[in-house]
Structures are given as C-alpha cells and as structure tokens.
Amino acid sequence: MLAQGEHVRLECKAAQSSLPNSVWETYSAFANTYGGTILLGVSEDAKEKDPKRRYAVTGVEDAEKIKKDFWNTIHNAEKVSTNILRDECVETVDVDGKTVVAISVPQAFYTMKPIYINSNPSRGSFRRNHEGDYHCTEQELRMMVRDANEEGNDHLFLQHYTMDDIDPTTLKHYRQMFLTKNPDHVFNNLGDKEFLKQLGGYTVNRDTNEEGLTMAGLLMFGKGLPIRERFSNLRMDYIDKTNLIGEERYSDRITYDGTWENNLFNFVRMVLPRLTRDLPRPFRMEGMTRVDDTPQHKAVREAMTNAVIHADLMLNGLLRVEKYDDRFVLTNPGLLKIPVEQIYEGGETRARNQVMQVMLRMIGYGENLGSGFPLILSAWNEKHWLKPELIEQPELLQVKLILHIMDKVDKALVTNDDRKELSGTKDLNDRKHVTKDVTKDDNGQISERQELIIEFIKRNVTITIPEMSRKIRVTERTIKRDIEILQKLGILSREGGRKEGHWVINKQDLSNRANSIAGEWRVKKNNKQQKTIAQ
C-alpha cells in the first residue's frame, strides 16, 4: 500500500503520541469523495522523491488512547457533522513490531453529503484531490447540498416565468410524440397549460398563489431567450467528427446559432437521429411491421436520456455530445451520486432531474430506475464492442460516457492521441497492448497478433509489411517472422513481386476464425452521407 505513496484514497500521518487534528479534514475529504484509508503511525519524509523510501512505519505509542480519542470526537456533533463509520472501520495493525491504526472511511451516501467539521459547512467541507485535502468550492458545496435532496432539482418554481416563455412549436412536437406513444391517455385532451401542469412543467406556489413554469418546464420546452436569461450557466453542443476530409474540424454541428429554440427537448430530438443513423439496422419483421429499433439504438437513447436527467444543470457546464468514427462521447455537468462500480452493477440512484425523467419516459426515452446502464452494457456486449467507459472528472465537475463502436481489431488502429483521450493515461505504455504475442513458434497454432495480420490482409491484399508494423505497433522484423509462420502453416502465400504482388489467404477456415475473433468491422463508404457498421 505504501509503495505507491499517498494518493486519492490513502493518507498517512505520524500521530506518534496523539490524534492529529488534521485527521478530521481527511475524514471529511474521503467521505465527500471516493472514501479511503487513513494510516496513523506512518511518517513521511517530504524531501524523499522515491515513494518506496518516502514513508516509514514509525508506529503509535498508545493505540488504544488514539482510538478512544477518535471515537469520542467523531460522536461530537460540534466537531463532526455525521459519523459514517462502523466499529470495524477502525483497527490496529502490527507491522514489524510497530502498531499502526488504520481507519477505513467509506464514501458517504449522497443524501448525507456534505460531511463537514467544526459546525461550519462552508469552511469545514473538504474533498480529496490526488494526495491532498482541499476546501470545497462554493460550486461543489452547493452541488452536494442539492444532491442531498431526494426530490431532485428540476421541480424548482421559477418566479416570473409563464406560458409566454414556452415555445409553442416545441411543445407541439412533444405532444405529437406523447400522443403516438400514449394514444388513449387522458392528458391528450388537456390544454397546453394543464398538460404541462400534469407533467410537472407548470406549477402553483401554494405560499403566494403565484403560478408559473418549473425549471423542467422552461428547460425542456422554453424559448431560447428566456432559457439563456435564467440559465446562462448552461450550454448545449453536438459535434460530428466523422468522415472528415482534409482540414475539416467537423462535418456537422448543433449549437446555439439562432436557427432553433435551444431547449433540451429540441436538443435531444435533433441529436439522437444523428447519433443513431449509422448504427446497423438488420431487417426484422413483427407481423406486417418492420422493426428497426435494435438494442444498440435503445442503448444510445438511454445514454442520451441519462446525460440529461443526471446532469446538474445549475452548474457552470456543458451538455455535450461528440460523434467520432469509432465512438460516441457524451458529457454532462455534475458528478456521480454513487460510486461508478455500483452503476456498472445496476445500482439505483435518483435522477437529479426527475420531472424531465418522467417527461422523457412518457415518449419512450429512458428505462426504469437502475436498469438503464446495464441495458447499455448488454447492448454493447452483444456486438462485441469495447466496454463503455464511464469517467468522472472531478476537476471539471463533469461526467463523461464513452461508447466505443469498435472491437479488438479496431482498437489496434486507434492512434496514440486517441488512446490518451480515451484512457486518461499519460502514456500508451501504461496500457496493455492488444497485440500481445501468445505464440512464437510454428506449432500449428496462430497467435492473436497473427490473426490481426490475417484480418488486415483480408481488407487489403496489397498491404505492406511497414504498414502492418505501424498499425499493430510492432517492429517490421516481428511482422516478417509472423508472416513466415503463417506461410509455413499454409495459411498465407505471396503472388507476384515485392512491389507488384499481393497476399493470398489459403485456408478459409482459419481466416474465418480470425474474422470471428476480430468481431465486427466498420465498412466506410466514400459517400459522406452514409456509413455502415456491418458484421
């Protein structure tokens, strides 16, 4: 544990004879971030740069006294706002005859945050950043306070915003979709104001009898100008970076340009068809009706819906959707309310924007609570695409979802810059090569890298050894050795000279095996308007 030094989940303190007061700042920081472990009885030499030598186990003199002081203080409401620890979270550990007190602090549930000290939420709330504790910013503190409200954010009554601020065309489009999805619903017979009231987009303040729009009503169906006046902090942006030619920066973009009322419903309605139009639509009939909706289309709708309903739209931030040849990237303001591991397992969390969640669900967008992200994982797994990445970026107060539209072979073609962006690592060497050599001799079995060579040759029979070397990121000598093995096995042969010749795959059964491991491949058409992802 100490070999890596202090980091976002580990803090070391000497605490030789007493409980240090700084332990409470770390307690608050761990509870408000990802949780972590505090080790008392470990000293640090700040001048030593080698983490293996920087920390030394010095032990504590009286572990029982330190533990007693800790428990007495954590139950003092004037010192600590909330105790989230159980008895087993504090224990003593013997290390080479020296006693260390280990305190395991879990991440606090979002309804308990912020965890603060000294009866002062403003000055006593901390978060963890790398190996340090820092005071929460005003934005972070307000975000945690909002998240503690189980009812969400978007039911907020907006004083002085009325039906005059609703865009009639937007609401008409929504009502048409509502009618199609729910043809017998009683809401279809209501006027616009009563319709919005029933959905939670319009309300009456019972204290003052003043009526008007809610946050959900304005952001979903409002005119662009009043939205920008009330929520100047929020921006929406869609950018398409597929099929770029020459110096083009993008092939399509949706941002505020005065040509559309930039509310959330319009943004979702315009972006979703652009995202999904290139996904495969196999021919399938149900009775006499063709069904074009695939699990992947549903997954993209779910991802787009999640970006809206889980966004903290009161932060200064950007709701952004990016489309690349090999991935979709959706970014929304706000941090995750529960650990990312729980989300991958289908953990339940209430949406920040529960009124919008209902509005979108009524027109077929969004799954039931807790099932949305597993739906995305299942749809991507069905196509053997790389696992979706859900990334929290605390320094930017945003969450990013990356939906890769590529399989194992596609990943071998990703550039170094792309890998840095996708993985968040500083160096490509931080990650395993997909082309790991598992077979180095001609024992009749072909390696994963040799299967990639076959797949590249299938797509381009004139591909050169230097080209394969660059794509698979191994030396030309390694490629030549693999080709010699494939030739000895009778799988591959060469016809013609080095400049004018081409490769020939001789064993179709083995090439099919390579193809199955490679998975689905994106077949790009030159026509800029079309791109097909086919098996």
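The values are calculated or read from the model by the stated rules, or taken from the named source; none is laboratory data. Model, not experiment: these values are computed from the prediction. Don't worry about glycine lacking a Cβ; one is built from the backbone with ideal geometry, like all the others, and counts go over all protein chains shown. All accessible areas refer to the heavy atoms of the entire protein, side chains included, with ligands and DNA or RNA removed. Shrake-Rupley method; radii C 1.70, N 1.55, O 1.52, S 1.80 Å.
Details
- Hz values of 3J(HN,Hα) by residue in segment 372-384 - Karplus curve (6.51, -1.76, 1.60), Gly and Pro given as x: x, 5, x, 4, 5, 4, 5, 5, 6, 5, 4, 8, 6
- Between segment 154-194 and segment 328-351, the Cα center-to-center distance that results, in Å: 28 Å
- Exceeding the 32 Å Cα-Cα cut-off - candidates Lys181/Lys323; Lys323/Lys480; Lys241/Lys458; Lys47/Lys98; Lys172/Lys387; Lys197/Lys383: Lys323/Lys480; Lys172/Lys387; Lys197/Lys383
- Accessible area ranking (1.4 Å probe, heavy atoms, ligands and nucleic acids excluded), largest first, for Lys383, Lys480, Lys223: Lys480, Lys223, Lys383.
- Expressed to the nearest 5 percent, the antiparallel share of DSSP beta bridges inside segment 1-83 is 50 percent.
- In the assembled protein chains, Ser493 presents an accessible area of approximately 30 Å² (probe radius 1.4 Å).
- Relative contact order %, segment 33-136, counting alpha carbon pairs below 8 Å whose residues are six or more apart: 29 percent
- Restricting segment 142-201 to GluC sites (Glu not before Pro) in coil, as DSSP defines it, with at most 13 other Cβ within 10 Å: Glu150, Glu151
- Rounded accessible area per residue of segment 453-508, 1.4 Å, Å²: 58 Å²
- Derived scalar couplings ³J(HN,Hα) [segment 94-102; Karplus, 6.51 cos²θ - 1.76 cosθ + 1.60; whole Hz; x for Gly, Pro]: 8, 10, 6, x, 10, 9, 10, 9, 10
- Residue-wise HN-Hα coupling along segment 203-219, computed from phi with Karplus coefficients 6.51, -1.76, 1.60 (Hz; x: Gly, Pro): 8, 10, 6, 5, 6, 10, 6, 7, 10, x, 6, 8, 4, 5, x, 5, 5
- With 0.36 nm allotted per residue and the present C-alpha distance subtracted, the Val145-Ile391 stretch has 86.3 nm of extension available.
- Amide H contacts for Glu211 (H built 1.01 Å from N in the peptide plane; partners 5 or more residues away or on another chain; cut-off under 5 Å): Asn205.
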